[in-house]
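Notes follow the structure.
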Amino acid sequence: MSGDTILEARNLVREYHTKEGMFGKPVVTRALKGISFSLERGKTLAVVGESGCGKSTLARILTLIDPATEGELLIEGEPIDIRKDRLTRELRRKVQIVFQNPYGSLNPRQKVGDVLTEPLKLNTDMNEQQRRDFAMDMLVKVGLGPEHYNRYPHMFSGGQRQRIAIARALVLKPKLLILDEPVSALDLSVQAQILNLLADLQEEFNLTYLFISHDLSVVRYIADKVMVMYFGEVVEYGTRDAVFENPQHDYTKTLFNATPRADVEHIKARLAAAHS
Amino acid sequence: MSDASIDVKAETRLDLLVNFWKHFRTNKGAVIGLYFFIGLILVAVFAPLIAPHSPIEQYRDAFKAPPVWMEGGSWKFILGTDAVGRDILSRIIFGSRYSLFVGVVVVSIALSVGIFLGLLAGTFRGWVDTIIMRIMDVILAFPSLLLALVLVAILGPTLVNAMIAIAIVQQPYYVRLTRASVISEMSREYVMAARVSGVRTPRLMFKTVLPNCMAPLIVQAALSFSTAILDAAALGFLGVGAQPPTPEWGTMLAESREFILNAPWIMAFPGFAILITVVAINLIGDGLRDALDPKLKRS
């Protein structure tokens, strides 16, 4: 099934043009320096990298919020250029996103029910009753109940809010879900619950994930393929096992070494190194 | 199912209100101000029933009659009469109508136009932002009363024109406040989430972002309500606001200033009316700010 590619990026470049003050010189920041990758249906690609390496810029381009400065983006084989074409409802429905901070990603003045039905209202032809039923179903699927439908976001915990955010992303039945560090703001026990929920949903809806993270243990758990970014460039791209077993680039090696490890061998080796 | 959901909804709305009142109540001054303001509204609404005389009827036998507690005063004219024999109490009661009217109209115009311009500037940034904000800076560069005076001089001296002029003068504060809130809200993740779920810019501006910017605007509206009343009185005093015989408080002050030495009550009572009203509304505004600003909440 190698032909079933859902997302393909060819040489994506993103530049930010800023000026230093009103009469200052224009400054060009290259946030992405030619990124290429492809993603198969039903798989998970993890994007790893430090802060400021262009992960979020990539997420903004893939969710069709910002256009790329150069390069091509193909979703299900169709080239997409939001600089030229107006975004259609069908296209809008294909890619959705879940954000890192569950406290900032829900509108504090919007009830959970409205959070879930607003995308349906704007992108589908369902009537009010259908939207309501569909949103209720989705609430149950992400592990919340119909009784939460009329509550405001401030009444929920971080993990529950992230479930709401996932439900909002899924009501449009997207093909591709961008997960922008979806668990890094949650504590460990809740992280595991959310990751399991994501794995279950991936199976149920045949979803494709692009998982942005800096937590390598999470990446190892969820990813099929791994892409390591460094200053806007891809320095490593391959299957999970290949990247974890045999990292090629210096940065990747440094990154793996920086991960705290708790096994006895590793601690002994470190202590030996410290005492010698 | 639907019954349960309606219950939850009602509860949350009520909770918000109860919570707000709990914070507002701790500020004694604001509560007193609120009671006075409610009293003022009742007086304005029922003015024809409360007032003992017509505000423009002249009693030829009682020019400059002193108030009841001074020598020569009578219960017929409790606060005395002015130089042409009109009952001051009745005029002040009817004058409250004009003051509230001025406050409501000026704040509504300034608030609605200010929110709209501020939203445009904060959402689109770039040249739209530059044009709107530079115009607002120009308005701010003039002393407010002077600018209002010039505008009324151009438009013609009536109460309606005075209100328009005051609304224009107060505009920049609303625009700046809205723009600042919108810019800070626009960078939040829920706005990006709304964009991804297909919310287009107009809906994003009015339905997603605006409700989250309302708290400082409500406070500003309450505070500028009193400024509007004061400015209208000032314009009336200068003779370019409401024209005689309208019982507007500022105009009453202006008419009576030549009698300040031999009949000071004619000038004192409208002055007190302006003073107390403005203080009361400012107290309410302070209370609102404390109750609505999450940073000042102590809970």
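Could you list, in sequence order, all residues of the range A:87-104 that are among the aromatic types (Phe, Trp, Tyr) and over 16 Å from the mean Cα position of the chain (by Cα)?
A:103
Mind listing whichever residues of the range A:176-214 are part of a loop (DSSP other than H, G, I, E, B) and over 13 Å from the mean Cα position of the chain (by Cα)?
A:185, A:186, A:187, A:206
Scan the range A:140-161 for residues that are within 12 Å of chain B (Cβ to nearest Cβ) and in a helix (DSSP H, G or I) and jot them down.
Once the filter is applied, which keeps residues that are within 12 Å of chain B (Cβ to nearest Cβ) and in a helix (DSSP H, G or I), the range A:140-161 yields A:146, A:147, A:148, A:153, A:154, A:155, A:161.
Restricting the search to the range A:32-59, which residues are crowded, with 21+ Cβ neighbours inside 10 Å, in contact with a helix residue (DSSP H, G or I) (Cβ under 9 Å, 6 or more places away or on another chain) and among the charged types (D, E, K, R)?
none
Any residue that is surrounded by fewer than 12 Cβ atoms within 10 Å (Cβ to Cβ), aromatic (Phe, Trp, Tyr) and over 22 Å from residue A:177 (Cα atoms) - is there at least one of those in the range A:9-19?
No; the residues of the range A:9-19 include none that is surrounded by fewer than 12 Cβ atoms within 10 Å (Cβ to Cβ), aromatic (Phe, Trp, Tyr) and over 22 Å from residue A:177 (Cα atoms).
Can you report the number of residues in the range A:76-93 which are within 14 Å of chain B (Cβ to nearest Cβ), out of contact with any helix residue (DSSP H, G or I) (no Cβ under 6 Å at 6 or more places or on another chain) and either under 15 Å from residue A:13 (Cα atoms) or at pLDDT 85 or above (or both)?
So the count comes out to 1.
The rows are residues; the columns are (1) within 14 Å of another protein chain (Cβ to nearest Cβ); (2) surrounded by fewer than 19 Cβ atoms within 10 Å (Cβ to Cβ); (3) touching a residue at least 40 places away in the same chain (Cβ under 8 Å); (4) aliphatic (A, V, I, L, M).
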| position | (1), (2), (3), (4) |
| --- | --- |
| B:148 | no, no, yes, yes |
| B:162 | no, no, yes, yes |
| B:191 | yes, no, no, yes |
| B:198 | yes, no, no, no |
| B:209 | yes, no, yes, yes |
| B:239 | no, yes, yes, no |
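Consider residue A:44 carefully, then state whether it is more than 9 Å from chain B (Cβ to nearest Cβ), β-branched (Val, Ile, Thr) and in contact (Cβ under 8 Å) with a residue 60 or more places away in the chain.
Here the answer is yes, as residue A:44 does meet what is asked.
Could you list, in sequence order, the residues of the range B:27-58 that are in contact (Cβ under 8 Å) with a residue 40 or more places away in the chain and outside any helix (DSSP H, G or I)?
At the first step, the residues of the range B:27-58 found to be in contact (Cβ under 8 Å) with a residue 40 or more places away in the chain are B:27, B:29-34, B:36-37, B:40-41, B:43-44, B:47, B:50-51, B:55-56.
Those that are in contact (Cβ under 8 Å) with a residue 40 or more places away in the chain and outside any helix (DSSP H, G or I): B:27, B:51, B:55, B:56.
Considering A:114, A:125, A:137, A:133, which residue is outside any loop (DSSP other than H, G, I, E, B), free of Cβ contacts under 8 Å to residues at least 12 places away in the same chain, more than 11 Å from chain B (Cβ to nearest Cβ) and over 26 Å from residue A:221 (Cβ atoms)?
Going through A:114, A:125, A:137, A:133 in turn, just one is outside any loop (DSSP other than H, G, I, E, B), free of Cβ contacts under 8 Å to residues at least 12 places away in the same chain, more than 11 Å from chain B (Cβ to nearest Cβ) and over 26 Å from residue A:221 (Cβ atoms): A:137.
Checking the structure you have, find out if any residue of the range B:166-181 is within 14 Å of chain A (Cβ to nearest Cβ) and more than 16 Å from residue B:233 (Cβ to Cβ).
yes
Here is a check on your reading of the model: is residue A:165 at pLDDT 90 or above, in a helix (DSSP H, G or I) and either closer than 21 Å to residue A:7 by Cα or out of contact with any Lys or Arg (no Cβ under 6 Å at 6 or more places or on another chain) (or both)?
Yes: the conditions hold for residue A:165.
Do any residues in the range A:53-73 that are more than 14 Å from chain B (Cβ to nearest Cβ) and more than 21 Å from residue A:175 (Cβ to Cβ) have Cβ atoms under 6 Å from those of residues that are of a type in the set (Lys, Arg) and buried (at least 22 other Cβ atoms within 10 Å of the Cβ), where the two are at least six apart or on different chains, and which pairs are they?
Qualifying pairs under 6 Å: A:69/A:14.
Got a number for residues in the range B:193-232 being among the hydrophobic types (A, V, I, L, M, F, W, C) and under 30 Å from residue B:276 (Cα atoms)?
Total meeting the criteria: 13.
Among the residues of the range B:75-85, is there at least one that is at pLDDT 85 or above, on the phi < 0 side of the Ramachandran plot, assigned to a helix (DSSP H, G or I) and surrounded by 15 or more Cβ atoms within 10 Å (Cβ to Cβ)?
Looking for residues that are at pLDDT 85 or above, on the phi < 0 side of the Ramachandran plot, assigned to a helix (DSSP H, G or I) and surrounded by 15 or more Cβ atoms within 10 Å (Cβ to Cβ), one finds none in the range B:75-85, hence no.
To keep it simple, each residue is scored yes or no on (1) assigned to a helix (DSSP H, G or I); (2) surrounded by 10 or more Cβ atoms within 10 Å (Cβ to Cβ); (3) free of Cβ contacts under 8 Å to residues at least 12 places away in the same chain; (4) touching an Asp or Glu at 6+ places or on another chain (Cβ under 6 Å).
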| site | (1), (2), (3), (4) |
| --- | --- |
| A:237 | no, yes, no, no |
| A:242 | yes, yes, yes, no |
| A:251 | yes, yes, no, no |
| A:267 | yes, yes, yes, no |
| A:273 | yes, no, yes, no |
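Suppose we filter A:87, A:122, A:91, A:106 for residues that are surrounded by 20 or more Cβ atoms within 10 Å (Cβ to Cβ) and not polar (S, T, N, Q); which single one remains?
After applying the criteria, what remains is A:106.
One residue is enough: does the range A:95-104 have a residue meeting the conditions more than 10 Å from chain B (Cβ to nearest Cβ), aromatic (Phe, Trp, Tyr) and out of contact with any Gly (no Cβ under 8 Å at 6 or more places or on another chain)?
no
The values are calculated or read from the model by the stated rules, or taken from the named source; none is laboratory data. What you see is a predicted model; the values in this text were computed from it and never measured. All Cβ positions, even for glycine, are placed from backbone atoms using ideal geometry, and neighbour counts span all protein chains on display.
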